[in-house]
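The values are calculated or read from the model by the stated rules, or taken from the named source; none is laboratory data. Bear in mind that the values here come from a model prediction, so they are computed numbers and not experimental data. Cβ: placed from backbone, ideal geometry, glycine included. Neighbour counts: every protein chain shown. Only protein heavy atoms, including side chains, enter the accessible area calculation; ligands, DNA and RNA are left aside. Shrake-Rupley method; radii C 1.70, N 1.55, O 1.52, S 1.80 Å.
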Amino acid sequence: MIDFCLVGAGFIGPVHAENLAAHPKARLSWVVDLDAKAGSALASKYGARSATNLAEALADPALRAVVVCTPPRTHVTIIEAAANAGKAIFCEKPVDLDLARVDRCNDILARTGVPFYVAFNRRFDPSHRALHDAIREGEIGRPEMLILSSRDPEISPPDAVAATPYGIFYDTMIHDFDMARWLMDDEPVEIVARTACMLDENENPHRDPDTAMVVLRMTGGGLVHVNSSFRAVYGYDQRIEVFGATGMLISDNHRATTVERFGKDGVRRDPLLHFFIERYARSYRLELDAFVEALESGAPPAIGLDDGRRALMIAEAGVQSAKTGAPVALPV
């Protein structure tokens with residue numbers, strides 16, 4: 001059994017806690033959160049210990065790995081402490097909101113040599129993985145266009161929006177930027193981004209972009225289009241289309257069932273799954289499986305710091321393009 005410490009009891013933390021507790025080769029031993037009540041409640045649910053001070057958990061010699069689920073600006077401090085304590089690290093995306101701080105992580109990880117994984121969970125979604133594998137097997141020839149539609153059913157609460165300006169790039173489309181690199185097996189050399197505030201001032205009082213479109217030009221000449229919105233009233237909209245020289249592949253939306261109901265009033269289907277926790281539930285379990293397997297085998301985790309850095313670099317360039325209205329070149 002691999003003993004884990006979960007840092008951050010809110011938002012995505014309970015998802016990882018549940019998966020750790022259910023995993024046959026993992027054990028949730030600690031939950032650390034500055035909110036003692038929240039940390040204690042989550043820990044007691046799974047028989048773990050709780051603390052408000054990370055050092056207390058890191059001092060446990062049985063502890064082998066840390067899962068970082070706190071806000072992005074706190075990640076580097078936690079990564080540094082965990083790495084210096086010799087613990088493997090599973091870090092939610094983004095690694096940080098600043099490339100210089102991500103590079104600081106690189107120095108820390110190079111010095112300590114601890115395993116490090118960035119949680120781009122969508123790579124583990126079975127439908128997206130099947131699409132990826134079909135591209136690699138040459139089913140559609142050379143991929144020429146990739147379209148990623150990634151639309152949330154609602155905007156984050158105002159305090160969360162204020163904490164991360166241009167969060168639609170850093171919190172949402174950063175997943176799509178990682179998917180673009182992974183699916184196309186290529187790096188972008190240019191980005192053009194446009195944004196808008198389509199929600200009214202009651203829904204989006206900070207007037208941070210809630211709607212965005214991006215076009216990436218890849219090294220090999222392929223084009224990628226990413227569109228994102230915080231107002232998909234019909235549910236969590238997650239579609240991928242890859243157009244190639246000899247065909248096309250689509251990874252479509254998920255629903256609770258595939259039943260179609262036919263009647264005099266037309267055809268009805270189940271609505272889309274509501275949000276990311278429901279839509280990507282299996283991918284969260286599968287990424288944990290892969291991380292545990294890597295720790296057991298000694299192999300490097302499937303997604304590393306460089307992947308996190310490159311996705312952040314694309315996000316930063318996208319924000320720059322959105323602000324200036326000009327294309328931004330990206331280093332390969």
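Scanning region 169-177 for any residue that is at pLDDT 95 or above, aliphatic (A, V, I, L, M) and under 15 Å from the mean Cα position of the chain (by Cα) turns up at least one such residue.
For region 94-103, the criterion of being in contact (Cβ under 8 Å) with a residue 40 or more places away in the chain, of a type in the set (A, V, I, L, M), open to solvent by 20 Å² or more (accessible area, probe 1.4 Å) and part of a helix (DSSP H, G or I) is satisfied by at least one residue.
Among the candidates 54, 63, 20, 58, the residue that is surrounded by 23 or more Cβ atoms within 10 Å (Cβ to Cβ) and either closer than 30 Å to residue 165 by Cβ or among the aliphatic types (A, V, I, L, M) (or both) is uniquely 20.
Checked against the criterion of being within 16 Å of residue 242 (Cβ to Cβ), assigned to a helix (DSSP H, G or I) and charged (D, E, K, R), the candidates 159, 186, 178 yield just one match: 178. For region 92-136, a residue qualifies if it is among the hydroxyl-bearing types (Ser, Thr, Tyr) and within 25 Å of residue 15 (Cα to Cα), and the qualifying residues are 117, 127.
For region 30-82, taking the residues that are hydrophobic (A, V, I, L, M, F, W, C) and in a loop (DSSP other than H, G, I, E, B), the one that is farthest from residue 169 (Cα to Cα) is identified as 62. Is it the case that region 245-255 has a residue that's more than 22 Å from the chain's Cα centre (by Cα), at pLDDT 95 or above and assigned to a loop (DSSP other than H, G, I, E, B)? Yes; the residues of region 245-255 include at least one that is more than 22 Å from the chain's Cα centre (by Cα), at pLDDT 95 or above and assigned to a loop (DSSP other than H, G, I, E, B). Take residue 237 and tell me if it is among the charged types (D, E, K, R) and open to solvent by less than 20 Å² (accessible area, probe 1.4 Å). Taking the combined requirement at face value, the residue satisfies it. Taking every residue in region 107-133 that is open to solvent by 20 Å² or more (accessible area, probe 1.4 Å) and pairing it with any residue that is acidic (Asp, Glu) and in a helix (DSSP H, G or I), at least 6 positions away or on another chain, the pairs with Cβ-Cβ distances below 7 Å are 124/287. When we screen 309, 282 for residues that are outside any loop (DSSP other than H, G, I, E, B), out of contact with any strand residue (DSSP E or B) (no Cβ under 7 Å at 6 or more places or on another chain) and under 28 Å from residue 112 (Cβ atoms), the only hit is 309. For region 134-151, the set of residues classified as open to solvent by 60 Å² or more (accessible area, probe 1.4 Å), in a loop (DSSP other than H, G, I, E, B) and closer than 10 Å to residue 248 by Cα consists of 139 only. Given the structure, is residue 213 open to solvent by 60 Å² or more (accessible area, probe 1.4 Å), touching a His at 6+ places or on another chain (Cβ under 9 Å) and in a strand (DSSP E or B)? Answer is yes for this residue.
Residue 267 meets each of the listed conditions (1) in a helix (DSSP H, G or I); (2) within 25 Å of residue 153 (Cβ to Cβ); (3) open to solvent by 20 Å² or more (accessible area, probe 1.4 Å); (4) of a type in the set (A, V, I, L, M, F, W, C) apart from (1). None of 283, 321, 229 is over 26 Å from residue 198 (Cα atoms) and open to solvent by less than 80 Å² (accessible area, probe 1.4 Å) except 283.
Quick test for you: out of 290, 299, pick the one residue that is part of a loop (DSSP other than H, G, I, E, B) and open to solvent by less than 60 Å² (accessible area, probe 1.4 Å).
299
Would it be correct to say that residue 178 is of a type in the set (Asp, Glu) and out of contact with any Phe, Trp or Tyr (no Cβ under 7 Å at 6 or more places or on another chain)? Taking the combined requirement at face value, the residue does not satisfy it.
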